[in-house]
Structure formats: C-alpha cells, structure tokens
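Nothing in this text is a laboratory measurement; each read-out follows from the coordinates by a stated rule. Since we're looking at a predicted model, the values are computed, not measured. Cβ coordinates were reconstructed from backbone atoms using ideal geometry, including for glycine residues, and neighbour counts include every protein chain displayed.
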C-alpha cells in the first residue's frame with residue numbers, strides 16, 4: 001500500500017499557529033519526517049512552532065524551487081510510492097494556492113499516491129469571506145502586470161468582468177508596490193465600484209475594509225510592505 | 001467601542017471538528033452567545049460538537065434565510081454596534097463562500113463593525129490544493145445551468161476559458177444530479193482536458209482524483225448524493 005501526500009498549510013506571517021491550524025492537523029504533521037519545502041529555514045521554524053517532537057536534525061527536507069526538475073520530484077515521491085506518508089509544506093498559507101507545488105501534486109496523482117489537503121489559512125478565502133462580495137462566483141488572478149499601461153488595461157478588464165459576470169475579482173501585489181497599485185485602481189475604476197483591501201490577514205495587525213472607490217479616494221491607507229489582497233466588486 | 005462580527009466556519013458533513021477547526025477558533029466561538037445562523041438545529045449540533053460550554057438554551061440565534069430583510073439584519077447587528085461580539089455561523093464550510101451571509105458582512109462594513117474571518121474548511125480551496133491544477137489563476141462558478149443545452153454551452157465556455165486564460169474552472173452541483181453533470185462533461189470536453197472530481201472532502205470517505213476526460217470515460221465513479229466539487233484544467 002502506498003503512502004499519502006499531505007498538503008500542509010503554514011501560518012501567514014507571525015500569526016498564532018493555534019488560530020489557523022487545527023489541532024489534529026498538527027498531530028498529523030508530527031507523525032511525518034519527510035517534507036517537500038521551499039526554504040529549509042522557514043520549514044524548520046514552522047515545525048518548531050507547532051511543537052514538532054522528533055529531532056529536527058533527522059528529518060528529510062526536499063527543496064522545491066525553480067531548479068527542481070521532474071526527475072527530482074520522482075525521487076521525492078519515491079518513499080511515498082514505497083508506503084511512507086510524506087508532506088508538502090507551504091512557506092505561508094496553503095500549498096498550491098498562489099503558491100508552488102502543483103507539479104508535485106500532479107505527479108502524485110499520476111503515481112496514484114493519495115493526496116490529502118489539510119485545513120489552514122489562505123488570505124484568498126479569508127479575505128473573500130470578509131469582503132462582503134459575491135462568494136458564489138469569484139476569480140483569483142494572481143499578480144497584475146507590472147508595466148503601467150498593461151496594468152491599467154488589466155484593472156479595467158477585471159472591472160468589466162465584475163459588471164458583466166457579477167464575478168468578484170481578487171488579485172495580489174508585491175508588498176512594496178501596493179501603494180502604486182491602489183493609486184492605479186483609484187484612477188482607473190468607476191467611483192461606485194467597490195474595493196476591499198485586506199492586509200496582514202490572521203495576524204494581530206489584520207485590517208479588512210470594503211469601500212467604494214469614491215470613499216477610498218477620500219482617505220487612503222499606507223499599505224507599503226504590508227501583505228495585502230485586493231478584491232473588486234460592484 | 002463596537003463589537004466584532006466573527007465569521008465562523010463549520011465542519012463539512014460529519015468530519016472530525018479538530019481536523020478542520022483550529023483550537024483557538026473554538027475558544028473564540030465559546031466566548032460568544034449570539035449568532036446569525038441558517039438553521040437552528042444544525043447550529044446547536046455544531047456548537048455541541050465543539051464542546052460549547054454555556055447553556056444552549058440561553059443563546060440568541062438569529063435566522064438567516066430568504067425571508068431575512070435588511071431591517072432584520074440591522075436588528076441582528078444592533079448588539080455588535082453596542083459593543084458585543086457576535087458570530088455568523090455557516091451550515092457547512094466557510095460563511096460567504098458558496099454560502100449565504102455576504103449581505104450581513106456588507107452591512108457590518110457599512111456600520112463600521114470589525115469583520116473577523118476565522119479559519120476552517122471549504123471544499124473549494126481544499127479541492128483546488130489537491131487537484132494539481134493552476135492555483136495562481138482560478139475561478140469558482142457556483143452551480144451550472146440545469147437546462148441541458150444551457151449547461152452544455154456553459155461547460156464548453158468554461159473549457160474555452162481554461163485554454164484561453166490558463167484559468168482553473170471550479171463548479172458544483174446538487175448531489176443527486178452529480179452523475180448527470182459528469183456525463184455532460186465527458187460528452188462535451190476534449191479528451192485531453194483534465195477533470196478533478198473531489199468528493200466528501202475532509203470526511204473519512206474523502207476521494208480526490210485528477211484524470212483526463214479520456215481516462216474518466218474508461219471508468220466512472222458513482223457520485224450520486226455525494227457532496228462533490230468539479231475542477232477543469234488543461
């Protein structure tokens with residue numbers, strides 16, 4: 001019998017682990033000693049924060065980055081094929097959602113390894129819940145283009161979809177570019193269009209506000225270097 | 001100072017509460033005694049399952065259904081405006097995601113009540129994680145049309161978006177119509193298009209498989225009456 005591939009979420013920033021990871025998820029993670037991770041240091045920090053009991057020296061950490069090849073992944077999955085449970089651990093939030101790891105999961109399906117997604121925080125679904133926007137129809141678009149004209153064109157396109165399909169549009173930006181993105185949204189969108197800005201989700205600095213473009217124009221928050229997520233709706 | 005509106009997820013079906021709800025979320029829920037809920041019976045069952053300690057007789061449960069008016073909601077939010085923390089509790093999964101409650105959150109924002117989304121299970125993000133599909137760009141479309149021609153047209157439209165925008169397409173169906181939906185997908189989509197079927201997420205019957213349309217045509221699962229979610233990608 002083959003082992004399982006557990007998809008393990010991690011805290012978003014310095015949030016309380018017991019606010020965002022269920023206790024029995026923590027128990028499952030403690031039974032594992034082989035993980036696929038983006039950065040060793042963050043992975044060890046997370047495992048320590050959940051009270052991981054085995055020696056952190058004896059665990060196996062396989063690196064996942066842009067140099068990871070299909071051949072590497074086959075090696076990573078080898079012990080699961082032989083019957084051992086292993087984990088794919090996110091840096092922050094949920095693996096495979098605005099996060100790498102999909103290729104690992106694809107190959108696990110091909111090898112008929114059972115894939116088990118575990119509950120944890122994702123700024124996407126948490127901000128959608130708290131936005132008050134349409135949760136029956138929504139799209140996450142990742143990062144918008146960096147080039148000014150392309151970006152404005154994309155914002156306009158997303159706003160058009162809001163009105164034509166009644167679909168909430170969600171997107172993110174590199175934190176040091178947040179303020180510029182908000183300026184572009186305020187200049188581009190209709191005054192009545194609603195924008196939800198959700199920052200530092202699930203931390204003590206969490207801030208979530210939904211206002212019309214006109215209301216945001218009146219008073220703007222400073223989002224520089226704050227992990228934020230942006231949602232548009234009508 | 002105003003109270004907070006906590007958005008409280010619930011288990012999906014008969015799953016283990018400690019696998020899907022973080023322990024400190026449970027602690028927060030235990031401090032509340034006023035909730036907005038869809039069905040009293042399910043709400044009491046959930047509160048009991050998390051070991052809610054106050055008397056279940058003395059709690060205030062406000063009904064949320066198609067008869068709930070704006071005026072009702074203003075009354076529901078009244079104690080929060082006066083400084084008390086209250087909760088919006090889902091029947092299953094996360095409030096406001098493929099679930100009612102958005103109007104409550106909208107009005108809370110208007111009244112400048114702090115909205116706090118709590119971590120829990122949602123079949124949408126869990127199935128997306130486990131699908132192996134694109135998690136940088138995805139859309140949830142809710143239910144497809146019931147009428148045969150409309151439905152086939154919609155499936156074709158979603159498949160086209162998969163190829164034109166590289167956007168994962170997610171949708172659901174009423175459980176007793178699942179098998180018919182799968183038949184329609186298999187007849188409509190290209191043989192190489194990939195379909196992930198995720199059923200009974202986070203329960204002991206959980207089943208998640210990603211295969212090409214051609215592979216699914218070879219062997220089909222019986223999904224009748226099983227809570228399922230469907231994802232298309234290339």
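Distances, shortest first, from the label point of residue B:57 to those at the same position in the other copies read 6.0 nm; the point lies 7 Å along Cα to C-beta. Shortest first, residue A:42 label-point distances to identical copies amount to 3.5 nm, with the label point at 7 Å from Cα along Cα→Cβ. Note on the protein assembly as shown: Rg/Rh from Cα positions, Kirkwood definition for Rh, rounded to two decimals, is 0.95.
Of A:168, B:188, the sequence from fewest to most neighbouring Cβ atoms within 10 angstrom is B:188, A:168. Across the copies of the chain, residue B:31 has label points (7 Å from Cα along Cα→Cβ) spaced 3.3 nm apart, shortest distance listed first.
Bin width 10 Å, origin at 0, all Cα-Cα pairs of region B:182-233: what percent of pairs per bin? Computed distribution, short to long bins: 25, 57, 17, 1.
May I ask for log10 I(q)/I(0) of region B:4-117 at q = 0.24 Å⁻¹, from a Debye sum over the Cα atoms as equal point scatterers with solvent left out? For region B:4-117, the Cα-only Debye profile gives -1.58. Put in line by how crowded their Cβ is, counting other Cβ atoms within 10 Å and starting with the fewest, B:191, B:234, A:226 read B:191, B:234, A:226. Cα centroid separation, region A:1-79 to region A:141-209: 32 Å.
In terms of overall dimensions, region B:148-221 has a Cα radius of gyration and Dmax of 12.5, 37 angstrom.
Which ordering of B:176, B:52 is given by a fewest-first count of other beta-carbon atoms within 10 Å? Kindly include the intermediate steps, with their values, before the conclusion.
Working: B:176 11, B:52 17.
Ordered by Cβ neighbours within 10 Å, fewest first: B:176, B:52.
A viscosity of 0.692 mPa s and a temperature of 37 °C, combined with the Kirkwood radius over Cα pairs in Stokes-Einstein, give a translational diffusion coefficient for region B:86-234 of 200 µm²/s. When chain B is treated as a GNM with alpha-carbon contacts under 10 Å, the residue of B:147, B:206, B:14 showing the greatest mean-square fluctuation is B:147.
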